[in-house]
Amino acid sequence: MMNAAVSPEMLSAEEKGQAVAAAKETLNLACSLLRRDGRPWLYAVESSPFESPDVIFLELHASAMLCLPSGECMLPDATSCTALTSALYSTVSEDDVLHRLLKVDVQVSSRDPCCIEVALRCLAAEGDGYGLHEANDGGLLAAVMAAGFKGELSRFQPGVSMAISRLDAWYSDRSGSVESTAAYIIRGLCRRCCLPETILRSMQACIALSAAGDDLDYSLDKCDELVELVGSAESGMMHLFSQQQLQEFLIFEREYLICTMEFEEDRLPCDG
């Protein structure tokens, strides 16, 4: 028997109270995770084991399934792999492709015909392979992979995303021999993919609570907290968002502002 959505009108007062309490607890945990007091997500500066005179490449390899917006698996073939390769190239500028010697290769997996193998390679650069990785966003390769993971490839089938099952990153020399692991790329990719999505879903939950009329002060305070977090130059969260995610965030922010104005109007004393 499949689970079905239950209309709020069908819930008892006790069940509604439990749902609101669960939503608040989840929001509190999410906001605490995002703030990460004492250890901000984007402050963990990592240093490269290599110096800039060295000719070093970065590689990021992943096994993934292509997922349709419906959640169904899209079986890959040579045509879709070629299209995906082109789409991944298009996620960065032509200058980056040329100057960083970016290479993208997508093939149907030899181990599982339902999966693809994605291999990315580029030349290391200052701040992305050399020196301090101050951005903490995984650099160029993480940016390319994140676009595929989020399903935001403008030159591929709309809404198709990559469900990644295996991920590895490393430094290599000219011949492709592994020199060292590049864990900062994996960590940066996780930040790009997880933090914006957590913020968006938290905003959505806050607005849903506000619209339902449940503890407006609490909901709006949490929205305030999330808006400040994204807008803060100190947190650095905004640059993790894709254009599509920023648009979604702005829509939620507008709804939040409307809720705030309605809330303030309700607090005004009535005439007469």
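The values are calculated or read from the model by the stated rules, or taken from the named source; none is laboratory data. What you see is a predicted model, and the numbers here were worked out from it, not measured in a lab. Positions of Cβ are backbone-derived with ideal geometry, glycine not excepted, and every protein chain shown enters the neighbour counts.
Of all residues in the range 44-90, those being without any contact (Cβ under 8 Å) to a residue 60 or more places away in the chain and hydrophobic (A, V, I, L, M, F, W, C) number 4.
Scanning the range 79-86 turns up one or more residues that are touching a Lys or Arg at 6+ places or on another chain (Cβ under 8 Å) and assigned by TED's automatic domain parsing to the domain that holds Ala125. The criterion of at least 3 residues that are at pLDDT below 95 and over 23 Å from Tyr130 (Cα atoms) is met by the following helices (runs of 4 or more DSSP H) wholly inside the range 1-111: 13-35.
Scanning the range 224-234 for residues that are closer than 20 Å to Thr91 by Cβ, modelled with pLDDT of 85 or more and not in a helix (DSSP H, G or I) turns up nothing.
In this entry, Cys114 passes the filter for residues that are over 30 Å from Ser235 (Cα atoms) and touching a residue at least 40 places away in the same chain (Cβ under 8 Å).
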